[in-house]
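The values are calculated or read from the model by the stated rules, or taken from the named source; none is laboratory data. This one's a predicted model, so the numbers in the text were calculated from it and none came from an experiment. Cβ atoms come from the backbone with ideal geometry, glycine included; neighbour counts cover every protein chain shown.
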Amino acid sequence: MLILAIMLVFLVLGCVMDSMAIILIFVPLFAPIVVAQGFDLVWFGIIVIVVTEIALITPPVGMNVFVLKAVLPEVPVVRIFRGLVPFIAADVLRLAALIAFPAITLWLGSTIG
């Protein structure tokens, strides 16, 4: 539940803040809590990056959407956001899988060492 609450905070903040600001401000606040609960910091870092990726395409701020709007000025922003719905859904499913099965994120690193 703790990780879900933290991810919800990141998703809500991602709708109104820049992703780099979210990472720089809130990861130092949440990392000690995550470590105290026994979670791996590499896993947490990957989860944070996935959540901020989702935040970059969610309304109302969606920084990547406005980059796309600058490249394609004739396409309305509403149409761009509508086109992103399947991608947001796929990203949320990916995030759920990474949270439910932490071994997915840590598998490759364990094969190297």
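Here Val9 clears all of (1) under 15 Å from the mean Cα position of the chain (by Cα); (2) closer than 21 Å to Ile104 by Cα; (3) not charged (D, E, K, R) except the condition numbered (2).
For (1) crowded, with 17+ Cβ neighbours inside 10 Å; (2) aromatic (Phe, Trp, Tyr); (3) free of Cβ contacts under 8 Å to residues at least 24 places away in the same chain, each residue gets a yes or a no:
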{"position": "Pro28", "(1), (2), (3)": "no, no, yes"}
{"position": "Gly45", "(1), (2), (3)": "no, no, yes"}
{"position": "Ile54", "(1), (2), (3)": "yes, no, no"}
{"position": "Phe66", "(1), (2), (3)": "no, yes, yes"}
{"position": "Glu74", "(1), (2), (3)": "no, no, yes"}
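For the range 39-49, the criterion of being acidic (Asp, Glu) and either within 13 Å of Met7 (Cβ to Cβ) or in contact with a Cys (Cβ under 6 Å, 6 or more places away or on another chain) (or both) is met by none of the residues. Among all positions in the range 29-45, there is at least one residue which is at pLDDT 90 or above and polar (S, T, N, Q).
Which of the residues belonging to the range 66-113 are among the β-branched types (Val, Ile, Thr) and within 18 Å of Ala55 (Cβ to Cβ)? Val67, Val77, Ile80, Val85, Ile88, Val92, Ile99 - these are the residues of the range 66-113 that are among the β-branched types (Val, Ile, Thr) and within 18 Å of Ala55 (Cβ to Cβ). Tallying residues that are hydrophobic (A, V, I, L, M, F, W, C) and at pLDDT 90 or above within the range 55-77 yields 4. Would you call Val50 crowded, with 17+ Cβ neighbours inside 10 Å, touching a residue at least 24 places away in the same chain (Cβ under 8 Å), aliphatic (A, V, I, L, M) and touching a helix residue (DSSP H, G or I) at 6+ places or on another chain (Cβ under 8 Å)? Against the criterion (crowded, with 17+ Cβ neighbours inside 10 Å, touching a residue at least 24 places away in the same chain (Cβ under 8 Å), aliphatic (A, V, I, L, M) and touching a helix residue (DSSP H, G or I) at 6+ places or on another chain (Cβ under 8 Å)), Val50 qualifies. On the given criteria, is Val34 more than 13 Å from the chain's Cα centre (by Cα), closer than 26 Å to Trp107 by Cβ and crowded, with 18+ Cβ neighbours inside 10 Å? Judged against the criteria, Val34 is a match.
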